[in-house]
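Visitor: Starting off with a structure, shown below.
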Amino acid sequence: MYALEVKNLSKYFNDIKAVDDASFTVPEGSVFGLIGRNGAGKTTTIRMMMNIYLPDSGEVILRGTKIGQEFKDKVGYLPEERGLYKKMKVMDCLLFLAELKGKTGKQVERKAAEYLKRFDLAERKNSKLEDLSKGNQQKVQFIASVLHDPEFLIFDEPFSGLDPINTDLLKDIILEKKNERKVIILSTHLMDFAEKLCDHIAMIDHGRIILKGSLSEIKTQFAQRNVVLEAEGDISFLNNSDFVEKVESYGNSFGITVKDTSHAQELLKLLVQNNIKVNKFAANEISLHEIFVTLAGKDNDNV
Amino acid sequence: MFNRRTISIIKRELKVRLFSRTFIIMTLLIPLFMFGILALQTYLIHYSGGENAFLIVAAESQSVLDNVQTELLNTPKDSDGNIEFMFEQLSNEKLDMRLANVRNEILEEKITGLIFIPDQALENKKAEYFSKNPNNNVLLNKLRPSINKVLNDMYFAGKKLSREELDYAKNNVDVTGFRVSADKEIQEEGVGNTVLSFLFTFLLYMSLLFTGQMTMSSVIEEKSSRIVEVLLSSVSSRELMTGKIIGTSITSLAQMAIWLSPLIVLISTTWFALPPEFTLKLSMWHLIFFLLNYFIALITFLGLFATVGSIFDNPQDAQSGIWPIMMLIIIPFFIAIGMQTNPENQIARIASFVPFASLIVMPARITLVDIPLIQLVLSIIINIATMIFVFIIAGKIYRVGILITGKKPKWSEVVKWFKYNY
């Protein structure tokens, strides 16, 4: 059973096709990553899923029925462009946003206080939002998206602008929600995060879905003949080797494609022979980053 | 349209606007500002500059000169500016020479000017004034009655008319107005209702502009602070717009009711006795009509202001978008003010049934003349239809505009938004 099915969504703005016949499915209890470079169509797709934009064609099915207003009450949304009522007090703003979702009363207030404490904001609950730092405002915004205990969580670029400590806190809460069997959809252009958090993905480029499915299956499919290497020393001699198809550097690590699966052993031997200190050698593995670059980088290297 | 979510938004608007310090301040400030503007206007129109003046009064004949001198020196001095006179007899031929004489002193402003009354004036009432600033009407207005009186008296002195006959000729006709209305006996008309219609018009004009601007900037704020996307993940754009406009309208209506409360006390009790010339021909129905009309006006115009707010993402750009709406308020305002000299003029009659204008002209008209019930109902129907039309159009632009940020959109693009399937 799928929690959400996105079927043939298309959206034009004037003559620009922002989303082109996008279809994908989000399984129950999954963390779903919608990944793609900036301007690929992630936010437009999410806005259509949220019923903020009406699609020009296609539909979004929620557990068998087409989404409408009732979906909005069940969803917590953290938009990419953050914003709150600057003149309102932190607690008032949180309670107002929860009220719009139909949640009122002492229980919500108690829960808001708990979240504020967790994010180290307990003492700021009566401060005006404009008096908070940008990072703290972002934390309040995140609390607003989870406060009404929604079944669906949609986070658009949730980690942008957060420091490492709060990034980890956010990750913890996302995983907590996953354990509570909530459906989590996050869009990001940061492949490392997607790889660590998501179990299903859809990759979008120029408005089209170019890859979708379970992350482990996708990786298996792309990992053949691929070696992830972390090593010290000059490995440029690999370019002249008979069995290496290509070498790509990702800063700390290299992605090496060999001509045949059996060549991985020979590659390791060659590295040792050349006095390279191998820190990590993972055959038949590929990072999401590499897959993304391979697929989306073909016509444009600006990732 | 009215559901839990809309009500939550209305509640927030009321919390932010009605139960705030700003509300109390504005409720006090707007009338102060209004009367301040009126007082300033009156002061500026009557401001003379308060300077002292030194005038040479010259006449061809000694008798004219003597009479003018007596008259001018007997005129009570007023507070602003002291005028000193120098009287001299001067023949027409010597005028040029005398002017050449004092030319430098006039240029240096040691002498304010020279007024010359030739003998001819006794026939054609034409005098001449030579000054660096010959358009100083304040000064001339002080002199004109005295000179006029002298010329009149001297002219009629030879005509063998009695003082009474003269006074009669000088008096203007005084017309007392009586209002003929359907249900009451004929009553003498005071200036009370004219003052009231002026007050209604001014209040309507000021508060529509104030509230409109306020609504517009609050929409711009939601748009530019990007909270709108969070809100739209919970409510539809129509619910958001409706909640905002109704919330602001209720606040503004409450404010208007506070301003009108002295009137309600005045007409429903006998605690205050007004002098007869200020008596108000006003019933509770007038006030109810006024408030109902104001509520419709608020929703209509706030819909327009909110739409403009949604198109632009900063107040500077929005200024270019509000002038058409300002015109919809300012032109009827002038019609309503102009109407006070004749409430039944053709433009006012028509304007009180024209969409938008009706909202401002009709309240002023009903305070000045009796309007048949059928016409009132018609104007309300027209206004409600306009309101619904505005709401539909506004909603279509609002839902697109509110999510578009970046460069200032062209009007042609805004027109395209109608076709968008948002």
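The values are calculated or read from the model by the stated rules, or taken from the named source; none is laboratory data. These figures come from a predicted structure and were not determined experimentally. Glycine also receives a Cβ, built like all others from the backbone with ideal geometry; neighbour counts cover every protein chain displayed. Accessible surface is based on the protein model in full, side chains and every heavy atom, while ligands, DNA and RNA are left aside. Shrake-Rupley method; radii C 1.70, N 1.55, O 1.52, S 1.80 Å.
Visitor: Between A:L153 and residues 5 or more places away or on another chain, which pairs have amide H atoms under 5 Å apart, with H built 1.01 Å from N, and which residues are they?
Guide: The answer is A:G76, A:V183, A:I184, A:I185.
Visitor: Quick one: order B:R12, B:R349, B:R163 from most to least accessible surface, probe 1.4 Å.
Guide: B:R163, B:R349, B:R12
Visitor: Give me the accessible area buried between chains B and A, both sides summed, with a 1.4 Å probe, in Å² rounded to the nearest 100.
Guide: Numbers: alone 23670 and 15360 Å², together 36230 Å².
The B and A chains share an interface burying roughly 2800 Å².
Visitor: So, one more: As an exercise, find the ratio Rg/Rh for the stretch B:310-422 from alpha-carbon atoms, using the Kirkwood inverse-distance average for Rh.
Guide: That ratio is 1.10, to two decimals.
Visitor: Over 18 Å apart: what share of the alpha carbon pairs of the stretch A:1-148 falls there, rounded to a whole percent? Walk me through the numbers before you get to the answer.
Guide: On the way: 6852 of 10878 pairs.
For the stretch A:1-148, the fraction of Cα-Cα distances above 18 Å is 63 percent.
Visitor: Counting DSSP beta bridges with both partners in chain B, what percentage is antiparallel, nearest 5?
Guide: In chain B, approximately 35 percent of DSSP beta bridges are antiparallel ones.
Visitor: Sorted by accessible area with a 1.4 angstrom probe, largest first, how do B:W259, B:W417 fall?
Guide: My answer, sorted largest first, is B:W259, B:W417.
Visitor: Now, a different point. Considering the stretch B:70-138, what Rg and Dmax in Å follow from its alpha-carbon atoms?
Guide: 13.3, 37
Visitor: Pick from B:E165, B:E71, B:E221: which is most flexible by mean-square fluctuation in a GNM of chain B where alpha carbon atoms under 10 Å apart are linked?
Guide: B:E165
Visitor: Taking only C-alpha pairs under 8 Å that are 6+ residues apart, what is the relative contact order of chain A in percent?
Guide: Computed value for chain A: 20 percent relative contact order.
Visitor: So for the stretch B:1-158, Kirkwood radius off the Cα pairs, Stokes-Einstein at 10 °C and 1.306 mPa s: how many µm² s⁻¹?
Guide: Roughly 80 µm²/s, to the nearest whole number.
Visitor: Here's a follow-up. Report ³J(HN,Hα) in whole Hz for each residue of the stretch B:146-152, in order, from the Karplus equation J = 6.51 cos²θ - 1.76 cosθ + 1.60 where θ = phi - 60°; Gly and Pro get x.
Guide: Result, rounded to whole Hz: 5, 5, 4, 5, 4, 4, 4.
Visitor: If you consider only alpha-carbon coordinates, what radius of gyration and Dmax does the stretch B:103-199 have, in Å?
Guide: Rg and Dmax of the stretch B:103-199, Cα atoms, are 22.1, 70 Å.
Visitor: Moving on to the next point. If you rank B:Y398, B:Y129 by how much accessible surface each has, with a 1.4 Å probe, what is the order from largest down?
Guide: Values: B:Y398 0, B:Y129 40 Å².
Descending order: B:Y129, B:Y398.
Visitor: For the stretch B:75-178, what does the relative contact order come out to in percent, with C-alpha contacts under 8 Å and a separation of six or more? It would help to have the intermediate numbers written out before the result.
Guide: On the way: 42 pairs, mean separation 18.4, N = 104.
Reported relative contact order: 18 percent.
Visitor: Continuing with this model, one more query. Compute the helix-to-body angle for B:95-107: its Cα long axis versus the longest principal axis of chain B, expressed 0 to 90° and rounded to tens.
Guide: Result, in degrees: 50.
Visitor: OK, next. With every protein chain left in place and a probe of 1.4 Å, what is the accessible surface of B:I382, to the nearest 10 Å²?
Guide: 40 Å²
Visitor: Rounded to the nearest 500, what is chain A's calculated 222 nm mean residue ellipticity when only DSSP H runs of at least 4 contribute -39500 (n - 2.57) each, over all residues?
Guide: Calculated at 222 nm, the ellipticity per residue is -10000 deg cm²/dmol.
Visitor: Distance between Cα centroids, the stretch A:1-67 to the stretch B:363-390: provide it in whole Å.
Guide: Between the Cα centres of the stretch A:1-67 and the stretch B:363-390 lies a distance of 49 Å.
Visitor: Could you bin all the Cα-Cα distances of the stretch B:201-359 into 10 Å bins starting at 0 and give me the percent of pairs in each, rounded to whole numbers?
Guide: 9, 32, 31, 17, 8, 2, 0
Visitor: On to the next question. Amide H to amide H, which residues 5 or more places from A:E28 or on other chains are under 5 Å from it, using H placed in the peptide plane?
Guide: Under 5 Å from the amide H of A:E28 lie the amide H atoms of A:A3, each far enough along the sequence or on another chain.
Visitor: So, one more: Can you work out ³J(HN,Hα) from phi for every residue in the stretch A:223-237, in order, using Karplus 6.51 cos²θ - 1.76 cosθ + 1.60 and θ = phi - 60°, giving whole Hz and x for Gly and Pro?
Guide: Along the stretch A:223-237, the couplings run 7, 4, 6, 10, 10, 9, 10, 10, 8, 10, x, 7, 10, 5, 4 Hz.
Visitor: Considering amide H positions built from the backbone, and no H for Pro or chain starts, which residues 5 or more places from B:G113, or on another chain, come under 5 Å of its amide H?
Guide: B:F54, B:I56
Visitor: Quote the Stokes-Einstein diffusion coefficient, in whole µm² s⁻¹, for chain A, based on the Kirkwood radius over alpha carbon pairs, a temperature of 37 °C and a viscosity of 0.692 mPa s.
Guide: Calculated translational D: 154 µm²/s.
Visitor: Hey, in the GNM for chain A with a 10 angstrom Cα cutoff, which one of A:I184, A:I209, A:I52 fluctuates hardest?
Guide: Of the options given, A:I52 has the highest mean-square fluctuation.
Visitor: Shifting gears a bit: Could you tell me the accessible area of B:F35 in Å² (1.4 Å probe, neighbours in place), rounded to the nearest ten?
Guide: Spelled out: B:F35, probe radius 1.4 Å, area about 110 Å².
Visitor: Hey, rough spin-label estimate for B:A157 and B:N124, points 7 angstrom out along Cα→Cβ, what's it come to in nanometres?
Guide: Roughly 2.3 nm, to one decimal.
Visitor: Another question about this same structure. List the pair-distance distribution P(r) of the protein assembly as shown, using every Cα-Cα distance, as the percent of pairs falling in each 10 Å bin from 0 up to the bin containing the longest distance, rounded to whole percents.
Guide: Bins of 10 Å from zero give 2, 11, 15, 15, 13, 12, 9, 7, 6, 5, 3, 2, 1, 0, 0 percent of pairs.
Visitor: Given 25 °C and 0.890 mPa s, how large is the Stokes-Einstein diffusion coefficient of the stretch A:207-303 in µm²/s, with Rh as the Kirkwood radius over Cα pairs? Display every interim value, and only then the final one.
Guide: Details: Rh = 14.2 Å.
It diffuses with D of about 173 µm²/s by this estimate.
Visitor: Angle, helix B:284-311 long axis vs. longest principal axis of chain B, Cα atoms, 0 to 90°, nearest 10?
Guide: 70 degrees
Visitor: For the stretch B:114-256, what is the accessible area per residue in Å², given a 1.4 Å probe and the full set of protein chains?
Guide: That works out to 49 Å² for each residue.
Visitor: Write down the percent of antiparallel bridges among all DSSP beta bridges whose residues are both part of the protein assembly as shown, to the nearest 5.
Guide: About 60 percent, rounded to the nearest 5.
Visitor: May I pose another question? Using only the Cα atoms of chain B, what are the Rg and Dmax in Å?
Guide: Using the Cα atoms of chain B, the pair Rg, Dmax is 30.3, 93 Å.
Visitor: With every protein chain present, what accessible area does B:E60 have (1.4 Å probe, heavy atoms only), rounded to the nearest 10 Å²?
Guide: Approximately 40 Å² for this residue.
Visitor: Could you tell me what a quarter of the Cα convex hull surface of the stretch A:93-147 works out to, in nm² with one decimal place?
Guide: 3.4 nm²
Visitor: Restricting to chain A, what percent of DSSP beta bridges are antiparallel, rounded to 5? Numbers along the way, then the final one.
Guide: Working: 37 of 55 bridges.
In chain A, DSSP labels about 65 percent of beta bridges as antiparallel.
Visitor: Please quote Rg/Rh for the stretch B:147-241 to two decimal places, taking the Kirkwood radius as Rh and restricting both calculations to Cα atoms.
Guide: Rounded to two decimals, Rg over Rh is 1.50.
Visitor: Spelling out what I want: for every residue of the stretch A:238-244, take phi, set θ = phi - 60°, compute 6.51 cos²θ - 1.76 cosθ + 1.60 (Karplus), and round to whole Hz; glycine and proline get x.
Guide: So the Karplus estimates, Gly and Pro as x, are 4, 4, 8, 6, 6, 9, 8 Hz.
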